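Working notes for the structure below.
Nothing in this text is a laboratory measurement; each read-out follows from the coordinates by a stated rule. Quick caveat: nothing in here was measured; it's all calculated off a predicted structure. Every residue, glycine among them, receives a Cβ derived from its backbone with ideal geometry; neighbour counts consider all protein chains shown.
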Amino acid sequence: MTTASPVRRNFSTPPAPASPFPYHPGSLLSVMDLSLDDIGRLLASATELESEDPLSRDRILAKRRMALLFYESSTRTRTSFELAAKSLGVDTTLVSNLSSSIEKGETLKDTGLTLRALGAEAIILRHSSSGGAWLLEESTGLPVINAGDGMHEHPTQALLDLRTLLAHLRPGIQSIGADTLAGVTVTIAGDILHSRVARSNLLLLPRLGARVLLCGPPKLLPEIAVHASQGIEIERNFEAALAQSQAVMMLRIQAERLAGLQLDLDEYKASYQLTGQRLAEFAPTALVMHPGPIIRGMEITAGVADGPQSVILEQVSHGFAIRMAVIERALLAKAGHA
Amino acid sequence: MTAIAIKGGHLIDPAAGVDGHYDILLRDGRVAEVAAPGKLKLAEGAEVLDAKGLMVAPGLIDIHVHLREPGQTYKETIATGTAAAAAGGFTAVAAMPNTIPVNDSPEITRWMQAPERGASVRVFPIGAATRGSKGEAINDYAALKAAGAVAVTDDGHPILKDSVMREVLTAASRAGLSVIQHAEDTRMTQGASMNLGPVSFRLGLRGMPNEAESSLVERDIRLLTELRDSHAHLHVAHTSTAAALAAVRQARRNGLRVTCEVAPHHFLLTDEHVGLYNTNMKMNPPLRSALDRDAMIEGILDGVVDAIATDHAPHAQHEKEVEFEFAPNGITGLETALGLSLRWLHKEWKLPLGRVLSLLSAQPAALLGFKGRGTLTVGSFADVVVFDPKTEWTYRATESKSKAKNTPFDGWAMQGKVRWTISEGRVAYASSEGRVVFANPAQA
């Protein structure tokens with residue numbers, strides 16, 4: 001047999017099949033499941049539901065049933081989903097991996113089927129493995145809302161971040177499109193590699209015309225990240241990134257996902273911590289965002305977190321409104337009309 | 001034993017340079033006669049298989065399968081795995097030692113070959129290179145070989161220590177056995193469940209870098225160079241990266257005994273096929289980039305690849321219905337290898353049929369020293385596959401003879417349908433279209 005040097009040829013090869021997901025039109029697994037029109041409708045219904053009288057709002061989905069299935073600890077996401085559901089009249093039940101049969105080895109599939117058998121009409125899932133929400137949707141056929149899957153996505157966080165950005169940068173906007181955020185640069189800084197918030201935002205924001213700068217050290221931001229979506233760039237110099245940005249999203253270092261990765265935290269802080277001085281010098285008007293939980297003194301100083309440019313707590317409020325809209329969509333969508 | 005005459009077919013035996021219309025007679029488990037159409041002399045009383053319009057070729061040989069027995073019979077047994085092999089046109093398979101317990105002894109090696117296992121085709125056990133495949137103490141290769149082992153490997157537990165690998169290569173060479181390495185520097189793949197690249201980043205999954213494979217292939221070749229005088233044979237299992245293939249190519253130019261195999265999924269699929277966490281697209285080595293996939297095709301076409309091997313790795317349905325990172329590695333492959341190779345290597349990329357069949361029979365037989373197999377010259381084992389090269393059909397996992405259904409090729413178009421598989425003179429598989437007529441009406 002010959003061993004001639006390889007000649008590059010263009011082989012016609014089998015294409016990857018189209019995705020069967022989502023199976024249910026009420027599911028929200030990824031920001032990519034939503035068209036711009038869908039996003040516009042969700043934002044509009046968030047505003048509508050937010051302004052509704054709480055005494056009539058709880059009749060919209062009265063006595064409907066929803067399960068919150070949480071395999072990871074959470075404060076903001078869990079509470080805001082729960083309050084959002086209850087404010088629409090939904091009966092909720094919380095199942096966490098601790099204090100449930102998950103501890104005994106019950107699989108995600110069986111847990112989902114059990115919840116369905118108990119009458120859950122939709123499931124909100126926070127899962128420690130990337131792809132958990134897809135597995136649950138395929139297993140149960142129920143609308144599934146992804147409340148964060150491993151290092152993958154956190155779509156409602158990206159939607160609430162979008163709502164926060166629009167409230168400040170495009171106040172009063174009535175509809176959205178591919179140029180809504182044209183001219184806006186958003187820096188996402190920190191532990192991009194392990195962040196589902198980063199992935200959902202970098203997939204979502206460029207679709208509305210924003211330019212996204214990713215900033216962090218190579219260990220937390222590999223070069224391959226740039227291929228994840230159109231409209232994103234890597235800028236390793238934090239100050240250069242800040243100087244171009246109308247908003248900066250700070251991310252926590254996810255100690256629980258580092259898997260043996262060694263980081264010099266002093267070096268990290270020296271390069272990437274958002275300090276009052278950096279903010280004043282390079283981005284004196286930019287919005288300071290953070291999905292939480294914040295680690296004060298690590299990625300962000302207390303002064304900045306509590307300072308006038310911080311919209312961190314506003315994000316939390318927007319989360320409540322967005323999640324009402326996402327829950328309403330999940331429970332009103334009809335299967336089979338996807 | 002009954003004799004079988006296969007008449008009217010197109011005999012293709014690449015190792016013997018035969019490619020034309022011949023009838024062939026099998027008797028007592030061997031090829032008794034090859035003759036021009038209608039000219040068989042000794043066919044009286046033989047069962048006649050009408051092979052008009054069909055190809056008659058040496059039975060296929062898969063040198064990389066997992067039959068799961070002993071120990072994991074809920075996934076597969078030697079009987080079910082070899083039934084799937086027969087349905088796929090294979091007449092011999094080499095079984096990896098990662099059973100429970102690990103096949104590191106002559107006893108298990110013999111047990112796997114015992115008639116009680118109910119194998120449809122010949123099973124050649126591959127022995128573990130080290131005790132329990134723990135990468136420390138090496139096994140008694142002469143004893144393993146005497147019991148029927150055809151090579152040694154620690155397969156999924158690659159041998160990382162240079163000193164141990166050196167000892168394995170030397171001892172195996174002395175015993176006349178090949179060393180098969182699953183090349184993966186596992187220090188670079190901790191917690192990883194797919195190929196490292198833009199897709200793994202997008203899916204939020206930890207990735208295995210190409211270097212985890214290529215660096216170990218390069219290390220093994222370096223050791224082989226140091227041991228040049230031992231004439232040790234290194235076989236690289238399921239090659240998946242361009243760099244590893246390039247290292248094999250270079251080593252061969254330097255006169256070293258290095259061979260490699262490529263699995264159908266690695267010349268057809270890329271990490272994009274993982275889609276949204278499809279666990280039937282999860283195996284190790286993982287599906288790589290399009291660049292690597294193209295290099296596998298190129299390597300097959302230009303001849304640096306020595307064999308197509310499936311890495312048939314059955315798993316129970318419940319094991320794959322879990323989070324991607326927790327799903328076990330591996331997919332089935334015995335029933336789809338021929339159909340995919342003909343559909344893509346032959347039809348699409350124009351590799352001559354004889355070359356495709358050689359990669360699936362004569363070359364793997366030569367690689368592991370299976371005497372009298374991979375060819376249909378008189379006196380060879382009566383290992384034959386008869387197939388219709390024109391038929392296009394759709395593979396359905398639910399119809400698999402394997403216990404497992406974990407294939408990425410469910411619903412895929414296949415080319416070439418197996419009509420009969422004959423293993424050492426016995427019909428191991430006959431498709432529903434397989435007609436048998438008898439020369440002697442009294443037997444009908």
Neighbour cut-off at most 12 other Cβ (10 Å), DSSP loop, GluC sites (Glu not before Pro), the range B:26-56: B:GLU44
For the pair B:GLU348 and A:SER56, how long in nm is the line joining their label points, each one 7 Å along Cα→Cβ? 6.0 nm
Return the tail of the calculated pair distribution for the range A:176-294, meaning the percent of Cα-Cα pairs more than 21 Å apart. 33 percent
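Quick one: plug the Kirkwood hydrodynamic radius of chain B (C-alpha pairs) into Stokes-Einstein at 4 °C, 1.567 mPa s, and report D in µm²/s.
Numbers: Rh = 21.9 Å.
In µm²/s, the coefficient is 59.
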Residue-ordered couplings for the range B:272-288, obtained by feeding phi - 60° into the Karplus form 6.51 cos²θ - 1.76 cosθ + 1.60 and rounding to whole Hz (Gly and Pro as x), are 4, 5, 4, x, 9, 6, 6, 6, 7, 10, 9, 8, 9, x, x, 5, 9
Which of the listed residues, B:VAL123, B:ILE180, B:THR407, is farthest toward the dipole's positive end in chain B, when Lys, Arg count +1 and Asp, Glu count -1 at the beta-carbon? B:VAL123
Under a straight-distance cross-link criterion of Cα-Cα below 17 Å, which lysines are reachable from B:LYS41, leaving out those fewer than 8 residues away in the same chain? B:LYS7
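So if R0 is 41 Å, what FRET efficiency would A:ASP110 and B:LYS371 give, r being the distance between their Cβ atoms, rounded to the nearest 0.05?
Working from the Cβ atoms, E equals 0.20.
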Over chain B, the sum of -39500 (n - 2.57) across DSSP H runs of at least four, divided by residue number and rounded to 500 deg cm²/dmol, gives at 222 nm -7000 deg cm²/dmol
Amide H neighbours of B:HIS21 under 5 Å, counting only residues 5+ apart in sequence or on other chains, H built in-plane at 1.01 Å? B:LEU11
For the pair A:SER100 and A:LEU258, what calculated FRET efficiency results from E = 1/(1 + (r/R0)^6), where r is the Cβ-Cβ distance and R0 = 35 Å, to the nearest 0.05? 0.80
Just checking the output field for A:15-22: average partner chain Cβ neighbours within 10 Å of each residue's Cβ? 4
Quick one: if you stick a label point 7 Å off each Cα along the C-beta vector at A:SER12 and B:THR2, how many nm between them? 4.3 nm
At a Cα cut-off below 22 Å, give the lysines reachable from B:LYS371, other chains included and same-chain residues fewer than 8 away excluded. B:LYS145
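Compute the relative contact order of chain B as a whole-number percentage, counting only Cα pairs closer than 8 Å that sit 6 or more residues apart in sequence.
Reported relative contact order: 20 percent.
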Determine the dipole magnitude for the range A:286-338: charges of +1 sit on the beta-carbon of Lys and Arg, -1 on that of Asp and Glu, nothing else is charged, the reference point is the Cα centre, and the result goes in debye to the nearest 20. 280 debye
How are the C-alpha pair distances of chain A spread across 10 Å bins, as whole percents from the shortest bin up? 5, 25, 32, 23, 11, 3, 1, 0, 0
When 1/r is averaged over all different Cα pairs and the result inverted, which Kirkwood radius in Å belongs to the range B:301-444? 17.2 Å
With θ taken as phi - 60° and the coefficients 6.51, -1.76 and 1.60, list the Karplus ³J(HN,Hα) couplings across the range B:230-242 in order, rounded to whole Hz; mark glycine and proline as x. 7, 6, 5, 10, 9, 10, 8, 6, 4, 5, 10, 10, 4
For chain A, what does the relative contact order come out to in percent, with C-alpha contacts under 8 Å and a separation of six or more? 21 percent
Evaluate the Debye formula for the protein assembly as shown with equal point scatterers sitting on the alpha carbons, no solvent, and hand back log10 of I(q)/I(0) at q = 0.08, 0.09, 0.10 Å⁻¹, in q order, two decimals. -0.75, -0.89, -1.02
Cβ-placed point charges (K, R +1; D, E -1), dipole of chain B about Cα centre in debye, nearest 20: 640 debye
Give me the one-decimal nm value for the distance between modelled label points at B:GLU136 and B:SER163, 7 Å along each residue's Cα-to-Cβ direction. 1.3 nm
Once amide H atoms are built 1.01 Å from N in the peptide plane, which residues 5 or more positions from A:PHE70, or in another chain, come under 5 Å H to H? A:VAL95, A:SER96, A:ASN97, A:ARG126
If R0 is 30 Å, what FRET efficiency do you get for B:ALA146 and B:VAL378 from their C-beta distance, rounded to 0.05? 0.55
Built amide H within the under 5 Å cut-off of B:ALA94, gap 5+: B:ASP62, B:ILE63, B:HIS64, B:VAL65, B:PHE124
Over chain A: helical MRE at 222 nm, DSSP H runs n ≥ 4 each giving -39500 (n - 2.57), nearest 500: -10500 deg cm²/dmol
With only Lys, Arg, Asp and Glu charged, each at its Cβ (+1 for the first two, -1 for the last two), find how big the charge dipole of chain A is about the Cα centre; round to the nearest 20 debye. 500 debye
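Any number yet on Rg/Rh for the range B:119-212, C-alpha, Kirkwood?
My calculation of the ratio gives 1.11.
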Which one of A:THR164, A:THR140, A:LEU213 is farthest out on the positive end of the charge dipole of the protein assembly as shown, using unit charges on Cβ (Lys, Arg +1; Asp, Glu -1) and the Cα centre as origin? A:THR140
Calculate the radius of gyration of the Cα atoms of the range B:1-70 to one decimal place, then report Dmax, the largest Cα-Cα distance, as a whole number, both in Å. 14.2, 47
If packing is taken as the mean number of other Cβ atoms within 10 Å per residue, what is the order of A:144-152, B:228-236, A:230-238, highest first? A:144-152, B:228-236, A:230-238
With θ taken as phi - 60° and the coefficients 6.51, -1.76 and 1.60, list the Karplus ³J(HN,Hα) couplings across the range A:316-326 in order, rounded to whole Hz; mark glycine and proline as x. 4, 5, 4, x, 4, 5, 4, 6, 4, 5, 5
If Rh is defined by the Kirkwood formula over all Cα pairs and Rg also comes from Cα, what ratio Rg/Rh do you get for the range A:16-144? 0.98
